[in-house]
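Report on the structure given below.
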Amino acid sequence: MIDLVMLNQSIADLDEDKVFEMLETFMATNPTEEEALKAITACQEGMATIGQKFETGEYFVSDLMFSGELLSDAIDLLKPALSGESSKKMGTILLGTVYGDLHDIGKNIFKSMVDAAGFEVIDIGIDASIEKFVNQANELKPDIIGLSGVLTLAIDSMKNIVDALKAENINAKIIIGGTPVNPTNCEYVGADAFTTNAAEGVKI
Ligand code: B12
């Protein structure tokens, strides 16, 4: 098993060489999906430290950008361990990062995992407007709609999107994900479920 504390630390330190060396060695051991999920969680925790370093002025926007690329590349390396391809079709999910928010790493992780679990995912990208969600939902009739966002302001975007979906009588189940979501703002948004963890999102 990979050293999760060191992986978390290497992400937080933006030590690209160390992260890749650790993940390549790990993948050569044919890890289980459960082990790969633990590695993703360690990376996610490292990203939270990067956020704190950004807040205290130790890191700059350029570091945030670099961390985004680093994490995307890390997840790409781990993906083969996640794709327990399922033959059954579980349903369709319309997924996007809500308007005002450009963060998509978490959304993309959830997309990979829920796709591997047998769902068809329609990804409408980042900064997705109310109209985009409503039009795609009307056209594609998904079973589930997933809203992603990590900025605090994403919560209001989520609420406005959910209000519009309900006004159009779109009755897909709605799940919200991303760092700021919690029970209180899940209720405020009017979503059916929330999570800050992609694996839990797949279970929900
Ligand atoms: C990388 C990063 C960036 C990158 C994003 C690259 C990309 N392609 O996504 C870039 C450089 C573009 C960026 C820009 C900005 N960022 Co930024 N960024 C981050 C950082 C460091 C990591 C975010 C991340 O990827 N986390 C890792 C992923 C895996 O976690 P996650 O998103 O929570 O996803 C998991 C779950 O939540 C879940 N999930 C996610 N979505 C969904 C959806 C569904 C349906 C489900 C079921 C599950 C699910 O699955 C994932 C895996 O478990 C965070 C710090 C932090 N603490 O989060 C700051 C952070 C989010 N950024 C911040 C800020 C301020 C900004 C900027 C305003 C900076 C600036 N001055 O320009 C801009 C905003 C641009 C915009 N309008 O969106 C603040 C937000 C503050 C706030 N409270 O609103 C943070 C918290 C940093 C900080 N502490 O100050 N950022």
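Coordinate-derived values only; no laboratory data. Small disclaimer: the values here were computed from a predicted structure and weren't measured. With ideal geometry, Cβ positions are generated from the backbone for all residues, glycine too; neighbour counts draw on all protein chains shown.
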In nm, spacing of pseudo-spin labels at residue 18 and residue 127 (7 Å Cα→C-beta vector): 3.5
When each of 89/166; 89/203; 111/203; 111/173 is checked by Cα-Cα distance, pairs over 18 Å: 89/166
Computed FRET value (nearest 0.05) for residue 204 with residue 55, which takes r as the C-beta separation and R₀ as 25 Å: 0.25
Furthest towards positive pole of dipole, 183, 12, 23, structure part the chain, Cβ charges: 183
Stretchable slack from residue 153 to residue 168, in nm (0.36 nm times residue separation minus alpha-carbon distance): 3.1 nm
Separation of the residue 90 and residue 65 label points, Cα + 7 Å toward Cβ, nm: 3.6
Simple spin-label estimate for residue 193 and residue 41 in nanometres, 7 Å along Cα-Cβ: 1.8
Relative contact order, percent, segment 91-203 [alpha-carbon distance under 8 Å, six or more residues apart]: 30
Computed helical MRE - 222 nm, the chain, DSSP H runs ≥ 4 contributing -39500 (n - 2.57), nearest 500: -17000 deg cm²/dmol
Dipole magnitude of the chain about its Cα centre (Cβ charges: Lys, Arg +1; Asp, Glu -1), debye to nearest 20: 840
Taking the convex hull of Cα positions in the chain, its mean projected area over all directions (nm²): 11.2
Spatial separation of Cα centroids for segment 44-84 and segment 100-123, in angstrom: 16
Percent RCO, i.e. relative contact order, over segment 4-81, from Cα pairs under 8 Å lying at least 6 residues apart: 45
Charge context of residue 98, other residues only, Cβ under 14 angstrom, K/R +1, D/E -1: -4
Calculated FRET value between residue 79 and residue 160, using beta carbons and R₀ = 22 Å, to 0.05: 0.10
Loop-exposed trypsin sites (Lys or Arg not before Pro) per DSSP, neighbour cap 13 Cβ within 10 angstrom, longest uninterrupted part of the chain: 90-204
Degrees, to the nearest 10: 105-116 long Cα axis against longest axis of the chain: 80
Estimated vicinal HN-Hα couplings, Hz - segment 25-33 in sequence order (Karplus 6.51, -1.76, 1.60; Gly, Pro = x): 4, 4, 5, 5, 8, 6, x, 6, 4
Positive-end extreme of charge dipole, the chain - chosen from 194, 103, 138 (charges on Cβ): 138
Cut-off 11 Å between beta-carbons: net charge of the residues surrounding residue 59, Lys and Arg +1, Asp and Glu -1: -3
